[in-house]
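For reference, the structure discussed in these notes is given below.
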Amino acid sequence: MADTQTTQTMQHILARHKGQEGPLLPILHSVQAEFGFIPGDVVQIIADDLNITRAEVHGVITFYHDFRDAPAGKHIVKICRAEACQAVGGNAISERAFEKLGVGWHGTTTNGAVTLEPVYCLGLCACGPAAMVDNKVVGRVDADKLDRLLQEAGA
Amino acid sequence: MKIYVPLDSAAKALGACDVAATIRSEAATRGLDVEIIRNGTRGMIWLEPLVEVETPEGRVGYGAVDVADVPALLDGKLASLGLVDDLDWMKGQTRLTFQRCGVIDPLSLSDYEAHGGLAGLRRAIAMTAAEVVDEVTTSGLRGRGGAGFPTGIKWNTVLGAKADQKYIVCNADEGDSGTFADRMIMEGDPFTLIEGMVIAGLAVEATRGYVYLRSEYPDAIDVMEEAVRIARAAGVLGADVLGSGRAFDMEIRVGAGAYVCGEETSLLNSLEGKRGVVRAKPPLPALEGFLGKPTVVNNVISLATVPVILEKGAQHYAEFGLGRSKGTIPIQIAGNVKFGGLYETAFGMPLGDLVDKVAGGTLSGRPVKAVQVGGPLGAYMPREKFDTPFGYEEFDGQGGLIGHAGLVVFDDSADMRGMARFAMEFCAVESCGKCTPCRIGAVRGVETIDRIGQGDGAAVALLEDLCETMKDGSLCALGGFTPYPVLSALRAFPEDFNMVREAAE
Ligand SMILES: Cc1cc2nc3c(=O)[nH]c(=O)nc-3n(C[C@H](O)[C@H](O)[C@H](O)COP(=O)(O)O)c2cc1C
Ligand code: SF4
Ligand code: FES
């Protein structure tokens, strides 16, 4: 069962999306923006509101890479793994990030500062290797730039 | 003094916001009266941040500008590139879809109108729905999302369908590596896309539209949302579009990080709030699309090209191009290149000219090894295929595809077995799970390519078989086309797969 605080927050979110056609993704985005992840106990609340099953809501949450079922680190660092970035040394940047952070893809540093996520293209393919820290885009990432980004993120 | 500093993501990723802030503070210190306009990008990404200063002769460019260059810039002591419009990269292009991108303030509707915006919509309002569809058909415009299906024919199907509600859905999922045209126009000239969607609505009698925009593009989402608000406030959207008595309104919807949701039926499921699983066709989305209603699903560039077709006439557009590939195509040049960016030109330019001349060869200065055209499902083209003219049929004839028109250039240090492995891995990660050859086959593909890497020559035949199974047994192009990059890499670069060249011929 969700606590009163969660239930209240959910009522606000659901009210905001009333009348939308196909509201589930927008709702899930709002939930994640609010809580930082999709708490397990909101699934029932969403299912009741949309008159669908818990399993359906759960199925949608697990289909998409964006939705997480546990909180991420304080900052999310995404590094592009796709072809255009590979053509300019993207793999070495990923490797360096693994090494510096001591985690692999989807991992969170032990101090909770950074979660590392792969991303398949940020549309910055003419200025790769590309990365994104929270919602901030970074181009032409080299070893120095990466180190600086990770340091700023508190890793 | 009017100064332009792009707000495009690529410019931001290279420091444009810091440059803009420094110009503001340095100007204040000097008591200079400076108006900073955050424009889109001109598409010359290697020059970003490209700062432009308005002069009586035209806009003078400086780039790539660093924060440290700002004092010299304001003192008139920084070396300029000359007039931006006179740069070879700009002069070589035929900018129709991107005519305003980088030129105007993206969120100024008056700037938009002053540069030809809304002329197409006004013309469409004066026409019947069928006439608008005819105009688009005559232009020869084909879908820029990848499949190249004639836009006018799709619209005609939707126009002919009877329903109480029809929809225009814009596919802004742009997941292909090496592509950023959708992002660039949404950030640099968002009203063009909005205008295109309104015209599409009038043409097929749809009153509601959605842009399905990938979550990896937070800046584009912000610009589009603001542009929709402005357009609505100005009566371009709403119950009475520009006083025509006809209604059209739209909403921006954000994706959730699934490549397959760029496939139109998966996209529709996602928009409905379901898992982004691909639907079998028929029924066509044109007849049973969003919520089961007739729906136009078009790529951003397809829709954003409609205003200029209506503005200048179908014939004007159709005069450009080659064979059945009519008009212009915004080619996105990426990867290991000296000059990366967006280059809009008539169809027909040979691939080699794009790579060697326009892109200026590799950034590393090493020889070009291969170019992947059309995203992760596109073939790797070796130099032997560089005389292929840029056109749908021409690339198809070479076992490739132009897709969303992205070129990713690799130098000779590229490991093509590694790239083939990546193609399979990507397919495995992004598969919607519906078909076994895609879901399981791609995982087997990675393993098989690893075996080849370990020197197991017998695994090559296995890989070829597996690719045949994926081609034949996949419902959509994710599973069905992943064999293109894999097999093209194998055929053109057998030595990267531990094979002698002859053995592969
Ligand atoms: C796996 C897959 C991914 C796709 N991704 C996109 C995409 O990101 N953007 C797009 O416009 N079309 C994409 N398509 C093509 C769409 O299915 C569809 O053909 C297109 O949106 C139709 O619009 P158009 O006719 O204007 O090109 C993709 C297709 C497949 C099979
Ligand atoms: S080919 Fe792959 S992505 Fe396409 S429908 Fe089949 S399983 Fe889904
Ligand atoms: S491939 Fe990395 S940003 Fe597009």
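Descriptive notes on the structure:
- Hits in region B:415-445 - residues which are assigned to a helix (DSSP H, G or I) and open to solvent by 20 Å² or more (accessible area, probe 1.4 Å): B:R417, B:G418, B:R421, B:E425, B:A428, B:V429, B:T436, B:P437, B:R439, B:V443, B:R444
- Members of region B:286-295 found to be free of Cβ contacts under 8 Å to residues at least 60 places away in the same chain and more than 14 Å from chain A (Cβ to nearest Cβ), listed by number: B:E288
- Residue pairs meeting the criteria (Cβ under 7 Å; at least 6 apart or on separate chains; first within 11 Å of another protein chain (Cβ to nearest Cβ), in region A:133-145; second of a type in the set (S, T, Y)): A:V137/B:S9
- The single condition from (1) in contact with a helix residue (DSSP H, G or I) (Cβ under 6 Å, 6 or more places away or on another chain); (2) within 16 Å of ligand 3 (Cβ to nearest atom) that B:A489 fails is (2).
- Condition met for A:L50 (away from ligand 2 (no atom under 16 Å from the Cβ), within 14 Å of chain B (Cβ to nearest Cβ), more than 30 Å from B:D412 (Cα to Cα) and open to solvent by less than 70 Å² (accessible area, probe 1.4 Å)): yes
Quick grid of which residues meet (1) more than 16 Å from ligand 3 (Cβ to nearest atom); (2) of a type in the set (A, V, I, L, M); (3) in a helix (DSSP H, G or I); (4) touching a residue at least 60 places away in the same chain (Cβ under 8 Å):
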position	(1), (2), (3), (4)
B:R232	yes, no, yes, no
B:G245	yes, no, no, no
B:V260	yes, yes, yes, yes
B:V277	yes, yes, no, yes
B:P282	yes, no, no, no
B:V297	yes, yes, no, yes
B:I301	yes, yes, yes, yes
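- Residue that is among the β-branched types (V, I, T) and within 16 Å of ligand 3 (Cβ to nearest atom), where the choices are A:V119, A:V57: A:V119
Table: residues versus (1) buried (at least 24 other Cβ atoms within 10 Å of the Cβ); (2) within 16 Å of ligand 3 (Cβ to nearest atom).
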residue: B:F149; (1), (2): no, no
residue: B:A161; (1), (2): no, no
residue: B:Q165; (1), (2): no, no
residue: B:V169; (1), (2): yes, no
residue: B:A172; (1), (2): yes, yes
residue: B:T192; (1), (2): yes, no
residue: B:T207; (1), (2): no, no
residue: B:V211; (1), (2): yes, no
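- Residue count, region B:70-127 (criterion: of a type in the set (A, V, I, L, M) and open to solvent by 50 Å² or more (accessible area, probe 1.4 Å)): 6
- In region B:386-401, the residues that are within 19 Å of B:C467 (Cβ to Cβ), open to solvent by 50 Å² or more (accessible area, probe 1.4 Å) and not polar (S, T, N, Q): B:D396
- Checked against (1) open to solvent by less than 30 Å² (accessible area, probe 1.4 Å); (2) over 20 Å from the mean Cα position of the chain (by Cα), B:V34 passes all but a single condition, namely (1).
- Single residue of B:E216, B:E187, B:E195, B:E174 found to be touching a residue at least 60 places away in the same chain (Cβ under 8 Å), touching a Lys or Arg at 6+ places or on another chain (Cβ under 9 Å) and in the same structural domain as B:C261 (by TED's automatic domain parsing): B:E174
- Qualifying residue in region B:474-486 (condition: modelled with pLDDT of 95 or more, open to solvent by less than 20 Å² (accessible area, probe 1.4 Å), in contact with a Cys (Cβ under 9 Å, 6 or more places away or on another chain) and outside any helix (DSSP H, G or I)): yes
- Test for B:K281: is it open to solvent by 60 Å² or more (accessible area, probe 1.4 Å) and over 16 Å from B:D134 (Cα atoms): yes
- Among the candidates B:L268, B:L310, residue that is away from ligand 1 (no atom under 16 Å from the Cβ), crowded, with 24+ Cβ neighbours inside 10 Å, assigned by TED's automatic domain parsing to the domain that holds B:D176 and more than 18 Å from the chain's Cα centre (by Cα): B:L310
- Extreme residue, farthest from the other protein chains (Cβ to nearest Cβ), among residues of region B:317-334 that are more than 15 Å from the chain's Cα centre (by Cα) and open to solvent by less than 10 Å² (accessible area, probe 1.4 Å): B:Y317
- Scanning region B:392-410 for residues that are in contact with a strand residue (DSSP E or B) (Cβ under 6 Å, 6 or more places away or on another chain) and closer than 22 Å to A:C127 by Cβ turns up B:A405, B:G406, B:L407, B:V408, B:V409, B:F410.
- Residue check, A:R148 under 16 Å from B:A10 (Cα atoms) and charged (D, E, K, R): no
- Residues of region B:1-21 that are crowded, with 21+ Cβ neighbours inside 10 Å, out of contact with any Pro (no Cβ under 9 Å at 6 or more places or on another chain) and assigned to a helix (DSSP H, G or I): B:A10, B:A13.
- The one condition in (1) within 16 Å of ligand 2 (Cβ to nearest atom); (2) surrounded by fewer than 24 Cβ atoms within 10 Å (Cβ to Cβ) that B:G292 fails to fulfil: (1)
The values are calculated or read from the model by the stated rules, or taken from the named source; none is laboratory data. Bear in mind the structure is a predicted one, so any value in this text is a computation, not a measurement. Ideal geometry is used to build each Cβ from the backbone, glycine not excepted, and the neighbour counts take in all protein chains shown. Please note that ligands, DNA and RNA were not included when accessible areas were found on the heavy atoms of the full protein model with its side chains. Shrake-Rupley method; radii C 1.70, N 1.55, O 1.52, S 1.80 Å.
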